[in-house]
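Colleague: This is the structure, below, for whatever I ask next.
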Amino acid sequence: MSTIRNWYVVYTKPNTEKKFAEQVSRIKSGCEVFLPLVIEKKQWSDRIKSIAKPLFKSYVFIYVDDFEYHHIKRLSGFVDYIKFNGKPSVVSSTEIAKIKTVMSSGYQYEPVPSRLAIGSSVEITVGALKGYQGKLIARKNGSVFVIEIEGLDQSLMISVPSDLLQLKEAS
């Protein structure tokens, strides 16, 4: 009898990703755990130290079957599974492989919230540009957005933190 396993994403308590992943890795039933880490250099007054931090805060990927799926809920640090429309989100093995490939590529990378997708209508919510609306044409990095000015056939590159932008409500 073959066991069907899927990749799921667990949302953990803050700063418990490594401990949670370690607990999952100790389960001897054949499940897998994937915690993508990035090395960040921290400067102290007397030294520089390299610290491994999770690429996606509070997210740990697990490859489990139905029994392990329920067992994982009892581990320390577990909050919930990431869900869409009330069902646990299943991540394909291809997507896991893509993350691993990006991490081993040697290129710089960083996660960017996908709530601001290219083509989305957005509005600046705070500051001098509060209420400014447009369409998200490009994203240069985490804080530089190109917003099309409606009616002018022009675009404006604005450096705004992503948390100051919100998706514009459809009218």
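Colleague: Looking at F84, is it free of Cβ contacts under 8 Å to residues at least 40 places away in the same chain, of a type outside the set (D, E, K, R), loosely packed, with under 15 Cβ neighbours inside 10 Å and within 13 Å of R5 (Cβ to Cβ)?
Modeller: No; evaluated as a whole, the condition is false for this residue.
Colleague: Only residues that are surrounded by fewer than 14 Cβ atoms within 10 Å (Cβ to Cβ) and modelled with pLDDT under 90: list them for the range 25-46, please.
Modeller: Of everything in the range 25-46, those that are surrounded by fewer than 14 Cβ atoms within 10 Å (Cβ to Cβ) and modelled with pLDDT under 90 turn out to be K28, S29, G30, I39, E40, K41, K42, Q43, W44, S45, D46.
To keep it simple, each residue is scored yes or no on (1) in a strand (DSSP E or B); (2) modelled with pLDDT of 75 or more; (3) loosely packed, with under 10 Cβ neighbours inside 10 Å.
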{"site": "G106", "(1), (2), (3)": "no, yes, yes"}
{"site": "R115", "(1), (2), (3)": "no, no, no"}
{"site": "E123", "(1), (2), (3)": "yes, yes, no"}
{"site": "A128", "(1), (2), (3)": "no, no, yes"}
{"site": "G142", "(1), (2), (3)": "no, no, no"}
{"site": "I147", "(1), (2), (3)": "yes, no, no"}
{"site": "L156", "(1), (2), (3)": "yes, no, no"}
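Colleague: May I pose another question? Looking at Y69, Y11, Y59, can you tell me which residue is in contact (Cβ under 8 Å) with a residue 40 or more places away in the chain, closer than 19 Å to A97 by Cβ, of a type in the set (S, T, Y) and in contact with a strand residue (DSSP E or B) (Cβ under 8 Å, 6 or more places away or on another chain)?
Modeller: Being in contact (Cβ under 8 Å) with a residue 40 or more places away in the chain, closer than 19 Å to A97 by Cβ, of a type in the set (S, T, Y) and in contact with a strand residue (DSSP E or B) (Cβ under 8 Å, 6 or more places away or on another chain) holds for just one of Y69, Y11, Y59, which is Y59.
The values are calculated or read from the model by the stated rules, or taken from the named source; none is laboratory data. Model, not experiment: these values are computed from the prediction. Counting neighbours? That spans all protein chains shown, and the Cβs are built from the backbone with ideal geometry, glycine included.
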